[in-house]
1. With n ≥ 4 as the cut-off for DSSP H runs, can you work out [θ] at 222 nm for the chain, using -39500 (n - 2.57) per run divided by the number of residues, rounded to the nearest 500?
2. Which entry in (i) 17.0, 48; (ii) 19.9, 63; (iii) 15.4, 49 matches Rg and Dmax of the Cα atoms in Å derived from the coordinates of this structure?
3. To the nearest 20 debye, what is the magnitude of the charge dipole of the chain about its Cα centre, counting +1 on the Cβ of each Lys and Arg and -1 on the Cβ of each Asp and Glu?
4. Roughly what would the spin-label model give for V32 and E59, points 7 Å off Cα along C-beta, in nm?
5. Run the quick spin-label model on I171 and D72: label points 7 Å from Cα toward the beta carbon, then report their separation in nm to one decimal.
6. Could you state the number of Å between the C-alpha centres of region 150-197 and region 25-94?
7. Could you provide, to the nearest whole Å², the per residue accessible area of the chain with probe 1.4 Å?
8. On the protein heavy atoms, probe 1.4 angstrom, tell me the percent of accessible surface of region 98-213 carried by carbon and sulfur.
Amino acid sequence: MANRPAWRFDSEKKKIERNSYEFVFNAGFSIVQKQKNIRALHEQIGRKALEISTKSLEELGIKFSAFNLKLDHIFLENIFQSSKKYEHGGPYKDMLNMAPKDAKRDERHQTSGKLLSFIYNKEEFPLEPKTFFYDYIYILSVRECIPAEEIKKLLKYEYFTDIEFNPKKSINCQAKSAAVIKALLLEYGELPDIQKNRKEYEQFYKSIGADCV
């Protein structure tokens, strides 16, 4: 058995919710096994759910995978890793030019001391709320890479999942970011340019409880 989270935006409470579901786990690293797990998870959810990952059963979910998104024509993972400011170094802008996996595994993440903040576009982002910066750049990249009519298709789904996400190992999750996007769509009718008014977005982000799940 395995346990995985799923995120939704409750439009009545106007809050992001995270619920966990237990399902029969299919071991193995092949895409076939991963998709068996996605089906099993979604069966337990019992509502219309979209897997946000390269293993998704739907093309839309694959499009929203962070591995397929870019910001200013640079892979999202590179943006995230290269923005980290540490006690003894960073941001390491050379990570922008690496393969995404190499940027994530770079040894400087382990040898530069305590993580202090993120710096992107000459703006500094604190570590609290914990997932704010990742959700922020994810939303910017979706707005840049995916047509508006495709983004609005998220409204058809109640839950969002990422079968690879393990809350014991990480805190940022693209499925949660997708739930935040749905909240923004319902609030504004479209995905707004949150970079133009970061403070307004941050207030909205906290108001829907996105900083707590």
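1. Computed ellipticity for the chain at 222 nm equals -10500 deg cm²/dmol.
2. (i)
3. Using Cβ point charges on Lys, Arg, Asp and Glu, the chain gives about 380 debye.
4. That separation, rounded to one decimal, is 2.4 nm.
5. The modelled label-to-label distance comes out at 2.4 nm.
6. Here the answer is 12 Å between Cα centres.
7. Result: 52 Å² of accessible area for each residue.
8. Values: 2860 of 5960 Å².
Carbon and sulfur together cover 48 percent of it.
The values are calculated or read from the model by the stated rules, or taken from the named source; none is laboratory data. None of the values given here were measured: they were computed from a predicted structure. A quick note on method: Cβ atoms are made from the backbone with ideal geometry, for glycine too, and the neighbour counts reach across all protein chains shown. These area figures cover heavy atoms from the full protein model, side chains too; ligands, DNA and RNA do not enter into them. Shrake-Rupley method; radii C 1.70, N 1.55, O 1.52, S 1.80 Å.
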